Amino acid sequence: MILLNSQVGNYIISNGRRYSYFAGNNYLGLAGDERIKAAVIRAVEKYGVNFSASRHTTGTADIHLELEKALAYFKGKDDAVVFASGYQGNSILLEVLRGRYSTLFIDQSAHASILAAIPSDVTGVIFYNHCDADHLDQLLESSTGSDPLVITDGIFPLTGEIAPLDRIYPVVRRHHGILVVDDAHATGILGDTGKGTPEYFGLTGDENIHQTETMSKALGGYGGFISGSRALTSLIRERSATYQASTALPPPIAAAGIASLRILGENPGLRLQLLETAWYLRKEIAGMGYRTTDYRTPIIPVIFDASEKARGLSLFLEQNGVIAPFMNYPVRKEMHQIRIALSVSHTEEQVSQLLDLLKKWKKKNESS
Ligand SMILES: Cc1ncc(COP(=O)(O)O)c(C=O)c1O
């Protein structure tokens with residue numbers, strides 16, 4: 001475990017040592033942004049730290065409504081609902097859509113929050129092969145009569161793969177289903193305006209696609225949200241036990257969300273610059289003979305056939321002042337990988353240092 005004694009940025013301090021930091025999900029470098037910090041401090045002065053109650057029982061702060069308005073605008077939707085964490089989003093959505101599906105079709109490498117969200121009364125739960133639209137089609141074909149809901153990550157958090165919604169969605173619709181995309185890692189990153197994976201595939205504005213999203217990654221803040229029609233957001237506010245019975249997003253964190261959306265809107269070039277550098281880094285890493293994935297995302301895995309090698313590489317990097325952690329995560333436990341997460345705030349020098357170290361390690365461990 002990495003002990004952090006500083007804020008998360010392109011460098012961190014751990015146990016008195018400064019490291020170049022390629023971990024986490026601070027893709028747009030906003031987690032320590034001075035403008036966001038100032039907005040949070042102002043909100044602490046005004047609202048205190050915590051709402052200390054559920055919005056449903058106790059009332060909503062004006063700043064929650066302001067954030068929801070800003071999110072709805074960003075997403076081009078009628079409305080948005082915010083709640084305490086991105087992890088809750090899948091539970092909330094599967095809870096309120098409950099009357100509209102009888103069988104769940106889940107990507108076999110789906111995030112832990114998707115698995116945790118399966119309602120207890122759903123007996124039809126079927127896993128399709130990872131990112132495999134043909135397999136999904138076969139499974140849907142053989143379960144005719146069920147009302148399907150298909151759920152997948154948008155960008156997969158360990159491998160940076162993008163779910164092929166261009167192939168998945170037509171299959172879903174052919175079987176009159178609903179598609180839910182957990183876009184935790186794609187919000188602010190993918191698509192012409194950063195709306196996520198559906199926008200990347202030109203699928204915005206479709207009523208049968210829902211996204212669950214978070215402000216904790218590219219947006220640099222915290223808290224989950226779902227945007228959509230007023231009918232959907234009302235359903236969440238009126239029917240979701242998860243929403244109604246959990247403490248609201250702390251107001252200072254709502255202020256962070258508002259500030260980061262403003263920065264995102266004013267700096268559309270940030271994500272383009274990030275994706276360009278990420279592509280360069282990925283190509284260089286693949287060019288050295290490492291196994292990685294082939295997507296334009298800021299998550300670059302380095303995959304091995306045995307965990308010792310992945311651990312060894314991560315340790316070597318750490319000893320040389322670079323953090324890119326070995327992944328021990330509750331998803332895809334069969335994978336042995338380190339995960340390099342690029343941020344737009346990384347400098348050319350940091351990227352070169354990382355590449356040099358990867359080259360050195362490869363030379364010393366050629367059999368990998
Ligand atoms: C795919 C995915 N969904 C949901 C979440 C949960 O989001 P949050 O950490 O903002 O609660 C994560 C976080 O790691 C994630 O990777």
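Residues that are under 26 Å from Thr152 (Cβ atoms), surrounded by fewer than 22 Cβ atoms within 10 Å (Cβ to Cβ) and either outside the structural domain of Leu261 (by TED's automatic domain parsing) or more than 16 Å from the ligand (Cβ to nearest atom) (or both): does region 54-68 have at least one? I'd like the intermediate steps shown before the answer.
Going residue by residue through region 54-68, those that are under 26 Å from Thr152 (Cβ atoms) are 68.
Those still in the list that are surrounded by fewer than 22 Cβ atoms within 10 Å (Cβ to Cβ) too: 68.
Next, from what is left, pick out any that are either outside the structural domain of Leu261 (by TED's automatic domain parsing) or more than 16 Å from the ligand (Cβ to nearest atom) (or both): 68.
Yes, region 54-68 has at least one match.
For region 79-90, does any single residue satisfy the condition of being assigned by TED's automatic domain parsing to the domain that holds Thr242 and away from the ligand (no atom under 16 Å from the Cβ)?
Yes - at least one qualifying residue is present in region 79-90.
Quick test of your reading of the structure: Ala112 fulfils all but one of (1) surrounded by 14 or more Cβ atoms within 10 Å (Cβ to Cβ); (2) within 21 Å of the chain's Cα centre (by Cα). Name the failing condition by number.
(1)
Anything in region 115-132 that is modelled with pLDDT of 95 or more, outside any loop (DSSP other than H, G, I, E, B), more than 19 Å from the chain's Cα centre (by Cα) and surrounded by 14 or more Cβ atoms within 10 Å (Cβ to Cβ)? List them, or say none.
Ile126, Phe127, Tyr128, listed by residue number.
Inside region 173-225, can you point out the residues that are of a type in the set (S, T, N, Q) and either crowded, with 24+ Cβ neighbours inside 10 Å or near the ligand (Cβ under 10 Å from one of its atoms) (or both)?
Our first condition is that a residue be of a type in the set (S, T, N, Q); within region 173-225, this holds for 187, 193, 197, 204, 208, 211-212, 214, 216.
Answer for region 173-225, where residues must be of a type in the set (S, T, N, Q) and either crowded, with 24+ Cβ neighbours inside 10 Å or near the ligand (Cβ under 10 Å from one of its atoms) (or both): Thr187, Thr197, Gln211, Thr212, Thr214, Ser216.
Going by the structure shown, is Ile303 out of contact with any helix residue (DSSP H, G or I) (no Cβ under 6 Å at 6 or more places or on another chain) and among the β-branched types (Val, Ile, Thr)?
For Ile303, the condition - out of contact with any helix residue (DSSP H, G or I) (no Cβ under 6 Å at 6 or more places or on another chain) and among the β-branched types (Val, Ile, Thr) - is met.
Inspect all residues belonging to region 67-90 and state whether any of them is part of a helix (DSSP H, G or I), modelled with pLDDT of 95 or more and over 27 Å from Asp192 (Cβ atoms).
Keep residues of region 67-90 that are part of a helix (DSSP H, G or I), which gives 67-75, 87-90.
Retained after the next criterion (residues that are modelled with pLDDT of 95 or more): 67-75, 87-90.
Restricting the remaining residues to those that are over 27 Å from Asp192 (Cβ atoms) gives 87-88.
Within region 67-90 (the criterion being part of a helix (DSSP H, G or I), modelled with pLDDT of 95 or more and over 27 Å from Asp192 (Cβ atoms)), the answer is yes, since at least one residue qualifies.
Can you work out which of the residues in region 294-322 that are assigned to a strand (DSSP E or B) and open to solvent by 10 Å² or more (accessible area, probe 1.4 Å) is nearest to Lys364 (Cα to Cα)? Please lay out each step first, then the result.
From region 294-322, those assigned to a strand (DSSP E or B) are 299-304, 322; that's our starting set.
In the following step, the residues that additionally are open to solvent by 10 Å² or more (accessible area, probe 1.4 Å) were identified as 303-304.
Values: Ile303: 17, Phe304: 15 Å.
Only one residue tops the list, namely Phe304.
Go over the candidates Ser352, Ser345 one by one and state the one that is more than 16 Å from Leu158 (Cα to Cα) and surrounded by fewer than 15 Cβ atoms within 10 Å (Cβ to Cβ). Talk me through it step by step, then tell me what you get.
Values: Ser345 fails: surrounded by fewer than 15 Cβ atoms within 10 Å (Cβ to Cβ).
Selected residue: Ser352, the only one of Ser352, Ser345 that is more than 16 Å from Leu158 (Cα to Cα) and surrounded by fewer than 15 Cβ atoms within 10 Å (Cβ to Cβ).
The values are calculated or read from the model by the stated rules, or taken from the named source; none is laboratory data. Remember, predicted model here, so these are calculated numbers, not experimental data. Please note: Cβ atoms are built from the backbone with ideal geometry, for glycine as well, and neighbour counts cover all protein chains shown. For accessibility, only protein heavy atoms count, side chains too; no ligands or nucleic acids. Shrake-Rupley method; radii C 1.70, N 1.55, O 1.52, S 1.80 Å.
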